[in-house]
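Below: the structure, in structure tokens.
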Amino acid sequence: MHACGGSRSSVVRPSARSARFGEVKLLAVVRLLLMGFVMELDATNKILCVRVTGYVDNEIMRDIYAAVAGYVADHGPCRAITDLSGVTKGDVSPSAIWSLARQTPAIPKGYMRVIVAPDDSRYGMVRIFQILSELTRPDIQVVRTLDEAYRLLQVESPEFRPAA
């Protein structure tokens, strides 16, 4: 008898794939709690979604850029959404925006990127980034809602899962 009262053969073991998905989901939760953002992928539509929550500063913005660049290096380019709807407070300096705009884009030209910035202060900051980046990132769009982002990307019901 197994310690839980059943025989050893009745123990349900997750497949390697479902175990991996569970690990990825747990990693996404840990990232969100510790880093302030989580990356998810809609594999069908090849859309990477970065959901940013809580407090955002220069370091978190650099971490997001590095995470997206790493994902694209490992998995290839894709379209992207950066959702700032969950940001509660921010302290991103103009010099950090300028520095980020001068870096090589994490996602190459030809792949639309949509940034969701619902309130005026974030919207203004992102528009400045868009203007500074217009030569190297002509595919960036700035919107106020996720629904607008989905319309621009021509998707109706994306199914995001934690990105590996």
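Values quoted throughout were computed directly from the atomic coordinates according to the rules given, and no laboratory measurement underlies them. Since the model is a prediction, treat every value here as computed from it, not as a measurement. When we count neighbours, we look across all protein chains shown, and the Cβ atoms used for this are built from the backbone with ideal geometry, even at glycine.
Here are the numbers:
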| read-out | value |
| --- | --- |
| Taking the C-alpha atoms of segment 96-164, convex hull volume expressed per residue in Å³ | 112 |
| Segment 79-116: trypsin sites (Lys or Arg not before Pro) in DSSP loop, at most 11 other beta carbons within 10 Å | Lys109 |
| Relative counts (whole %) of C-alpha pair distances in segment 74-113, using bins that are 10 Å wide | 22, 42, 34, 3 |
